[in-house]
Amino acid sequence: MTLKPLAGHVMARRRLSKALANGQLPQVMLMTGPEGVGKQRLALWLAQLVLCEAPAEAPCGRCRACHLVLGLTHADLHWIVPIPRPKAGEPDKQMEEAAESIAELLEERRKAPLYSPPDGMSAHGMATARLVARRASLTPVEGRKKVFIIGEAERLVAQESSPEAANALLKLFEEPPADSYFVLTCADPGKLLPTIRSRAVPLRIGRLSTAEVREFLSKELEPAPAGAELTRLVARANGSIGTALSDSGEGSRNRKAAATWLEAVLSGAGPAAERALAQAPWSARGEFTDLLDAVAETLGDAARLASGVEGTESVPAALQVRAATGLLAAQALVSDAREAAQGNVNPQLLLAVLAGDLAEVL
Ligand SMILES: [Zn+2]
């Protein structure tokens, strides 16, 4: 399976290919724009253009490099996606584990190119930062350039990482090796670490036109939607193919439930927490872990806020006054609970214990 074709973004493509042809393509770029509009897909298109053996305004689509990029197997294309926290203790082992996790996720995207966003627990942690720095220091394998795409860059976590790893990444973005391009993508630049944001040249990616969304959905979805179903999907998309593909805004429902639950936990009101639980939108185990993901995501946003990153709209008021250390400790507890939730544990009981633990660290 190869990547689905890039839809739309005609002006952005033109600007990028012109900059590359003139030798003016920034080495560190930050693509921002609404979720699901194809930022990472555009970054992959750019990678294909950079690595193509006969590039013009667009990648040729026929050379070996183009085929390897479209199959996500080009050795000089490093698509870095958020991963669960590595389990290994030793830094080198963690880095290996991170490389394996990323490879597995890319294998999934190879099989199902219309992927959905990663779960709320996944991040770009210390091991990923070290992995990127390591790979950036190596010479290209196939061609003369290397391209790094760091998707969902707002998930670059500074707090949990060792200062060396974070600094290595910052130094890399400040003085990138001459043979490397870094393309970061992010829906909300306000959530990005300011130290990283200040080192990247921004490129704003807009929504697709209705015609572009309609054409993509009718050509690339199987079975192809038609008639009223197609019209409904296009309307819901609001210029974002990712939105059209996502399941009915389930994520935002979970975030709301997570916020209600966390506020009840923090208010110390046992009965309120129970009431919030009863209203939580879960019945099956998968839905329960989705809810835990939403809780972890909310705590992560609160920790970023506490570390001075703007973008508060998704953080409940009760969490906005907490310290980052407590919030990160709370996130780790949720992570443990999520692992326990995979086993044969009563979700209700697990949440009750978790509520007590969180109240202690927050
Ligand atoms: Zn080519």
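Rule-based calculations on the coordinates, nothing more; no lab input. Keep in mind it's a predicted model, so treat the numbers as computed, not measured. Cβ: placed from backbone, ideal geometry, glycine included. Neighbour counts: every protein chain shown.
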- Task: Would you calculate the volume per residue, in Å³, of the smallest convex hull containing every Cα atom of the chain?
- Result: 141
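Can you sort Met31, Met126, Met95 so the residue with the fewest Cβ neighbours within 10 Å comes first?
Working: Met31 28, Met126 25, Met95 22.
Least crowded to most crowded, the residues run Met95, Met126, Met31.
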- Note on the structure: Measuring from the longest principal axis of the C-alpha atoms of the chain, the long axis of helix 210-220 (C-alpha) lies at a number of degrees, nearest 10, equal to 90
- Determine, for Cys52, Cys186, the number of other Cβ atoms within 10 Å of each Cβ, and report the residues in order from fewest to most. Cys52, Cys186
- Query: Of all GluC sites (Glu not before Pro) in region 54-104, which ones are in loop regions per DSSP and have a Cβ with at most 15 other Cβ atoms within 10 Å?
  - Reply: Glu57
- Task: Sequence neighbours fewer than 8 away in the same chain don't count; with that in mind, list the lysines whose C-alpha is under 28 Å from Lys171.
- Result: Lys18, Lys39, Lys87, Lys93, Lys145, Lys146, Lys191
- Message: Give me a comma-separated list of calculated 3J(HN,Hα) values for region 178-195, in order, Karplus coefficients 6.51, -1.76, 1.60 applied at θ = phi - 60°, integers in Hz, x for any Gly or Pro.
- Response: 4, 9, 10, 10, 10, 10, 9, 10, 6, 7, 10, x, x, 8, 7, 4, x, 5
- Note on the structure: Scoring only Lys, Arg, Asp and Glu (+1, +1, -1, -1) among other residues with Cβ under 14 Å from the Cβ of Asn238 yields +2
- Query: Which cross-chain or sequence-distant (5 or more) residues have an amide H under 5 Å from the amide H of Ser180, H modelled 1.01 Å from N in plane?
  - Reply: Lys146
- Bin all alpha-carbon pair distances of region 10-204 at 5 Å intervals from 0 and give each bin's fraction as a whole percent. 1, 8, 16, 21, 22, 17, 9, 3, 1, 0
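Which whole-number percentage describes the relative contact order of the chain, with Cα contacts under 8 Å and a sequence gap of 6 or more?
Dividing the mean separation by the residue count of the chain yields 18 percent.
For the chain, give the share of DSSP beta bridges that are antiparallel, in percent and rounded to the nearest 5; count only bridges with both residues there. Provide the component values of the computation, followed by the final result.
Values: 1 of 20 bridges.
Among the beta bridges of the chain, antiparallel pairing accounts for roughly 5 percent.
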- Note on the structure: For the chain, the longest principal axis of the Cα atoms and the Cα long axis of helix 10-21 enclose an angle in degrees, to the nearest 10, of 60
- Helix 227-237 axis, angle to the chain major axis (alpha carbon atoms, nearest 10°): 80
- Message: Can you order the peptides 343-354, 128-139, 168-179 by their average number of other Cβ atoms within 10 Å per residue, highest first?
- Response: 128-139, 168-179, 343-354
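What FRET efficiency comes out for Ala211 versus Leu3 if R0 is 22 angstrom and r is the Cβ-Cβ distance? Round to the nearest 0.05.
0.55
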